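Here's the structure, in structure tokens; my notes come after.
The values are calculated or read from the model by the stated rules, or taken from the named source; none is laboratory data. Keep in mind that what you see is a predicted model, and the values were worked out from it rather than measured. When we count neighbours, we look across all protein chains shown, and the Cβ atoms used for this are built from the backbone with ideal geometry, even at glycine.
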Amino acid sequence: MNYEKNNNYSVSFSPSVRPSLFHTTLEKVKAQVEYETLGELVITSSGERIIYENNQANELCRIITETLLINPDTEINVNGEKKPAFIVQEVFIMLTGAHLEFVIDNFNKKRELVKNISAYLRTSLYNSVFELNSHYKNQVQHDFGF
């Protein structure tokens with residue numbers, strides 16, 4: 001790694017020649033969840049449409065990436081219980097952009113303080129695979145009285 005020192009005594013690092021495993025996996029996760037479609041659309045007062053990067057989706061992608069890179073033989077806390085990492089990883093492989101939007105919407109509606117946000121979001125991502133379709137079906141039934 002190259003180090004540079006300037007007159008202000010700050011140190012900068014040259015980028016790695018080889019992409020890291022985390023970065024490579026993060027890019028695969030972003031492709032899996034169609035990250036580019038998860039931007040936040042803002043319409044200005046002049047009617048201009050601007051899409052900003054969705055920072056919450058970015059955080060979720062990093063949590064997914066971290067989970068996928070954990071040794072499959074270890075255990076991960078999900079829903080307050082330890083689960084084999086390989087099971088959580090298998091579930092996370094099923095995540096789509098719709099799951100991320102579901103988790104983001106639910107988190108943004110939450111009014112209670114979340115002390116361990118990373119664990120909360122990991123659990124929410126895990127549960128979203130099992131709840132997404134039923135959630136929307138229930139919402140339609142509620143809204144339209146079916």
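Evaluating LYS137 against the criteria (1) surrounded by 11 or more Cβ atoms within 10 Å (Cβ to Cβ); (2) at pLDDT 95 or above; (3) farther than 24 Å from LYS30 by Cα leaves one unmet condition, (2).
Among residues of region 44-81 being of a type in the set (A, V, I, L, M, F, W, C) and in a helix (DSSP H, G or I), the one that is modelled with the lowest pLDDT is ALA57.
The residue that is surrounded by the fewest Cβ atoms within 10 Å (Cβ to Cβ), counting only those in region 72-102 that are of a type in the set (Asp, Glu) and under 23 Å from HIS135 (Cβ atoms), is GLU81. Looking across region 103-134, just one residue is among the aromatic types (Phe, Trp, Tyr) and surrounded by 17 or more Cβ atoms within 10 Å (Cβ to Cβ), and that is TYR126.
Whether any residue in region 84-105 is modelled with pLDDT of 95 or more and part of a strand (DSSP E or B) is what I want to check. Yes.
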